[in-house]
Structures are given as C-alpha cells and as structure tokens.
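Before any comments, here is the structure.
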Amino acid sequence: MRRISPLFMGFIYLLMGFLFTYLAVGSATETVWNFSTILLMLVATFDFGVAIRMFLLHQKIKKIKDKQ
C-alpha cells in the first residue's frame, strides 16, 4: 500500500483551511462574534497550522533523503 506524502496532506489541509475561512466569512451576518463564525475560524486556524507542519515535515524528509 502506498503512503500519502506530507506534501499532499499539506495541500489538503490548506484547502480545508481556505474552505472554513470562506464559510466563516459567509456566516458573519451582523458581527463576527457569532459562535459559528468563531468556531469555523478556530477550525481554519487548526487546518492552516497542520498544513504548515506538513510542509515543514516534507522539507525535513527531503533534506534527509538528499544527504543519503
């Protein structure tokens, strides 16, 4: 079975972060201090953080493979 690369997973999480940000902007009708808006932005922040970690992991793996 083939493993999924961290680079691909990083792009997936990045796209999900953009999706949740778009949904949060759409859910903010009168103010941004709604429960749903804050929850969607927290999920988007988590997704962006995981995407950055996946990209950094990909760079580390690439650096290790280049040394060998």
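Read-outs: derived from the displayed coordinates by stated rules, not from any lab. What you see is a predicted model, and the numbers here were worked out from it, not measured in a lab. Quick reminder, even Gly has a Cβ in these numbers, built from the backbone with ideal geometry, and neighbours come from all protein chains shown.
Would you call residue 9 touching a residue at least 40 places away in the same chain (Cβ under 8 Å), of a type outside the set (Ser, Thr, Tyr) and assigned to a helix (DSSP H, G or I)?
When the stated conditions are applied, residue 9 passes them.
Collect the residues in the range 26-44 that are surrounded by 13 or more Cβ atoms within 10 Å (Cβ to Cβ), assigned to a helix (DSSP H, G or I) and of a type outside the set (Gly, Ala, Ser), keeping them in residue-number order.
37, 38, 39, 40, 41, 43
Under 6 Å between Cβ atoms, at least 6 apart or on separate chains: pull out the pairs that start in the range 19-48 with a residue that is closer than 24 Å to residue 9 by Cα and end on any residue that is among the aliphatic types (A, V, I, L, M) and outside any helix (DSSP H, G or I).
Within 6 Å, no pair qualifies.
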